[in-house]
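Okay, structure first, notes after.
The values are calculated or read from the model by the stated rules, or taken from the named source; none is laboratory data. What you see is a predicted model, and the numbers here were worked out from it, not measured in a lab. Cβ sites come from the backbone with ideal geometry, for glycine too, and all protein chains shown count toward neighbours.
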Amino acid sequence: MSFLLAHLSDAHIGPIPRPNLAELLGKRVTGYVNWLYKRAAQHDMGVLRRLVEDMRAQRPDHVVMTGDIVNIGLPGEIALARDWLATLGGAQEVSFTPGNHDAYVADATKLVHDVFEPWTTNESGAAGFPYLRRREGVALIGLDSGVPTAPFVASGKLGEAQLGALGALLDQSRAEGLARIVFLHHPPHIGGARALRGLDDAAAFEAVVARHGAELVLHGHNHKPSVAYIAAPQGRTPVVGVASASAKPGGHYPGAAYNLYEIERAGDALRVSLRRRGLTEAGEVVEVGAEERL
């Protein structure tokens, strides 16, 4: 079995449609100002387009997008983001999970869940988190860590219901002999993000993985590449972060990139390797660094 998985995150689709006064109540005021004077200069849709073109040229078997597809959760933004997500591939070939910007306010959270439902369903067509998709010897398990928070807070939370269901899905997938890949927006390990930006129940997530095992965990949120590990029954579970897919090269954060994971099984042996492809300042998408065995 050989399975190629593409992973991108934090697209921050823009520009933000001009909001009316009613839409700027509460947290959206600070978010909109932040977009106008900071984020709009950091995220480039031309960069994102070139990255996606390169990703599609690699012909992955599946694509995972780990959230922050919008900025302040306006209905107009969400409609644009849905159209963009459809360019990555069909809903059966692409899986999505929301981030904190997708859950910017309570009203946006429900709308995002409704609009992106085709990309968050299991084989039976049921939506909701966590969800399980089986693809060619691989179990893709999507979690939702996006919750509405106060201004200047970007933390996430899974909650007891998702964590309990995750353990059952991990056990079920292991019994079926599947390679288990879990994905969510926030870095799900202790110390994975700075104060007010992390996963509030990261310790509980680590405990679930330590008890039930997983072959790979993917996340976004930090706008930079990273690899950490959680101790698990089968050894160490790699936890991999990815850069923003629309970040301009040469900015405050690393330039736009996406990850490719090759999952190979021969008998009882499983091999997972990571390649990163990113945009140079000259506008070319190239391999970034050497291939890593996870």
- Message: Within segment 129-143, does at least one residue satisfy the condition of being closer than 17 Å to Leu85 by Cα, at pLDDT 95 or above and of a type outside the set (A, V, I, L, M, F, W, C)?
- Response: yes
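Here is a yes/no grid of residues against (1) part of a loop (DSSP other than H, G, I, E, B); (2) free of Cβ contacts under 8 Å to residues at least 40 places away in the same chain; (3) crowded, with 16+ Cβ neighbours inside 10 Å:
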position: Glu23; (1), (2), (3): no, no, yes
position: Ala41; (1), (2), (3): no, no, no
position: Met55; (1), (2), (3): no, no, yes
position: Ser95; (1), (2), (3): no, no, yes
position: Asp102; (1), (2), (3): yes, no, yes
- All but one of (1) in contact with a strand residue (DSSP E or B) (Cβ under 7 Å, 6 or more places away or on another chain); (2) of a type outside the set (Phe, Trp, Tyr); (3) more than 25 Å from Arg18 (Cβ to Cβ) hold for Asn100, so report the exception by its number. (3)
- Task: Check whether at least one residue in segment 68-77 is in contact (Cβ under 8 Å) with a residue 40 or more places away in the chain, of a type outside the set (D, E, K, R), within 21 Å of Leu218 (Cβ to Cβ) and touching a strand residue (DSSP E or B) at 6+ places or on another chain (Cβ under 9 Å), and report yes or no.
- Result: yes
- Got a number for residues in segment 116-128 being surrounded by fewer than 16 Cβ atoms within 10 Å (Cβ to Cβ) and either at pLDDT 95 or above or under 17 Å from the mean Cα position of the chain (by Cα) (or both)? 2
- Message: Among the residues in segment 71-86, are any assigned to a loop (DSSP other than H, G, I, E, B), surrounded by fewer than 14 Cβ atoms within 10 Å (Cβ to Cβ) and not aliphatic (A, V, I, L, M)?
- Response: no
- Looking at (1) out of contact with any strand residue (DSSP E or B) (no Cβ under 7 Å at 6 or more places or on another chain); (2) surrounded by 19 or more Cβ atoms within 10 Å (Cβ to Cβ); (3) of a type in the set (Val, Ile, Thr); (4) not in a loop (DSSP other than H, G, I, E, B), find the lone condition where Val29 falls short. (2)
